[in-house]
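S.K.: So that we are looking at the same thing, I have put the structure below in structure tokens.
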Amino acid sequence: MALGARLEMRQGQGLVITPQLQQAIKLLQLSNMELETYVEGELERNPLLQRDERDSEPDVEAGPRDAEDFASDSIPEGAAEAHMDVTHEAEASPGERNTGDAEGAGEAGGAVDWSRAGKGGSFEDSDDFEQRLTREKTLAEHLYDQLMVSGFSGIEYAAATVLVDSVDEGGYLRVDMAETAGRLGCDLTFLEDVLRMLQRFEPIGVFARDVRECLMLQLRERDRCDPAMMALLDNLDLLARRDLSALRKACGVDDDDLKDMISELRALTPRPGAAFGGEPSQPVAPDVYVREGLGGLWHVELNSDTLPRLLVDQRYHARVSAGARTDQEKVFVADCMASANWLVKSLDQRAKTILKVASEIVRQQDGFLAYGVEHLRPLNLKTVADAIGMHESTVSRVTSNKYIATPRGMFELKFFFTSGIANSDGGEAHSSESVRHKIKQLIETERAEAEVHSDDRIVEILKETGVDIARRTVAKYREAMRIPSSVERRRVLKHA
């Protein structure tokens, strides 16, 4: 066989991820604090970049606005100045709200003004090859790891995430339960039930509201919450003053027993979260604001304080370009100019994309904003991606480490994504959270042995309300909520 050289031409298609595209993808998934650090590094590295210190204001209103709420707002140019107005039908019931796609925005209770946000193309999908430094797991990460496998129902999980975010570095819950229940639109009893389940998490003692409760949780785990020990916990002020005689009288024990009890307390930790690493938690700044305005509008706008405003110094570029002598100097200036222009464009695109995704989430979840956590709709990344014409990976990046401030509190954008259960009548799907809540309500209404519902009976009742659910799914939800079977519930009611 003869060997020879020949010249061939081939044509093909392929996706090439350029350094600029990698930068754009990276910027999209950064939190506002990480973005600020990145921009500071670019300002130091690139002499053609400078901060835009000018105060800018929006020049066009995107819809009816509440002058009192927005009179002092200052929104930067470009994407940061864009804002959306999403209408919610205040008089309609949550079940009557449409969750259609972008083409039916007007019919979905949403007059959405996209004119000032731009079309906002999506970033291409790419794996993040950047290596991360290893670090010790923080308390919040440890709690979220347990939350993911805890088996909470949808509504319970949503409420639990709010409580997890309210835990400080020591493991204490720093939030008013009544105020939080009001914000979430749920009963205080329901929120306290969620808290009691969270207080079983490791390390034992987390989610306590004071030192006494923290120590009590640890003693309960050791089965040492007897009356004498509880009396000691009720008189920690006497222990701090070393008033042992008063303690003996309050606890009803002798000197040796009191000494042993005090030794047990000393073996406990008053700060269960101190064993975990990480820097002290910092206040989270929202990336997006949602406010209710006049005429039943939800106003959605970017937080201008978290958006870096950069300019490309054209005059300095002209001076440096004119003074460049060698090819190396000319290439350096050209690279700096290209990098600066791309960074400004990427930041603008990032802001538009965040605003577009957040506006669609608000449109889909206006029931939650109006009525509370029980009215969260089933929502996934694909639904939002299809509605706004972006890829699911883009929506996933946008919703990671981004927060939205609403009248009901501040939440991560991922908070609004919940699974759904089909409607037996072919209508709108039911949120798995609401279905679990219905199951729990049915069981909580059982007051006599004859009223106990089996899993099959629960399936029948739910199907009568339009929920198409299997018996094994009911059993799975019931077990996830730590509710015993109908046989065990009958036995309890029989001996009650």
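S.K.: Step through the table entries LYS345/LYS402; LYS26/LYS330; LYS414/LYS438; LYS402/LYS476, compare each Cα-Cα distance with 22 Å, and write down the pairs that go over it. Write out the running numbers ahead of the final one.
M.R.: Numbers: LYS345/LYS402 20 Å; LYS26/LYS330 28 Å; LYS414/LYS438 24 Å; LYS402/LYS476 32 Å.
Checking Cα-Cα distances, LYS26/LYS330; LYS414/LYS438; LYS402/LYS476 exceed 22 Å.
S.K.: If neighbour count is taken as other Cβ atoms inside 10 Å, put VAL300, VAL312, VAL149 in order from fewest to most.
M.R.: Working: VAL300 27, VAL312 17, VAL149 7.
Fewest to most other Cβ atoms nearby, the residues stand as VAL149, VAL312, VAL300.
S.K.: Sticking with this structure for a sec: Once amide H atoms are built 1.01 Å from N in the peptide plane, which residues 5 or more positions from ALA208, or in another chain, come under 5 Å H to H?
M.R.: For ALA208, the qualifying residues are LEU173.
S.K.: Sticking with this one: What is the sum of charges, Lys and Arg at +1 and Asp and Glu at -1, for the other residues whose Cβ falls under 11 Å from the Cβ of ASP145?
M.R.: Numbers: positive: LYS137; negative: GLU141, GLU202.
Its environment carries a net charge of -1.
S.K.: Given the C-alpha atoms of the range 140-198, compute the convex hull and give its volume per residue in Å³. Don't jump to the answer; show the numbers that get you there.
M.R.: Details: hull volume 4.2 nm³, N = 59.
Enclosed volume per residue, from the Cα hull, is 71 Å³.
S.K.: Then there is this: Neighbouring Cβ atoms within 10 Å as the yardstick, rank ARG220, ARG242 fewest first. Write down the numbers at each step before the final one.
M.R.: Values: ARG220 15, ARG242 8.
With the fewest neighbours first, ARG220, ARG242 line up as ARG242, ARG220.
S.K.: May I pose another question? If I take the Cα coordinates of the range 156-245 and project them onto the principal axes, what are the three extents in Å, biggest first?
M.R.: In descending order, the Cα extents are 48, 25, 23 Å.
S.K.: Roughly how large, in nm² to one decimal, is the mean projection of the convex hull of the alpha-carbon atoms in the range 209-328? Present the calculation step by step, with values, prior to reporting the outcome.
M.R.: Values: hull surface 77.3 nm².
The directionally averaged projection comes out at 19.3 nm².
S.K.: What's the exposure ranking of SER346, SER485, going from fewest to most Cβ atoms within 10 Å? Intermediate results must be reported in sequence, preceding the final value.
M.R.: Details: SER346 19, SER485 14.
Going from sparsest to densest Cβ surroundings: SER485, SER346.
S.K.: I need the phi-derived Karplus couplings for the range 219-228: 6.51 cos²θ - 1.76 cosθ + 1.60, θ = phi - 60°, integer Hz, Gly and Pro marked x.
M.R.: 5, 5, 5, 8, 6, 10, 8, 7, x, 5
Each reported figure results from applying straightforward, stated rules to the coordinates on display, with no laboratory input. Being a predicted model, the structure only gives us computed values, none of them experimental. Note that each Cβ is placed from the backbone with ideal geometry, even for glycine, and that neighbours are counted across all protein chains shown.
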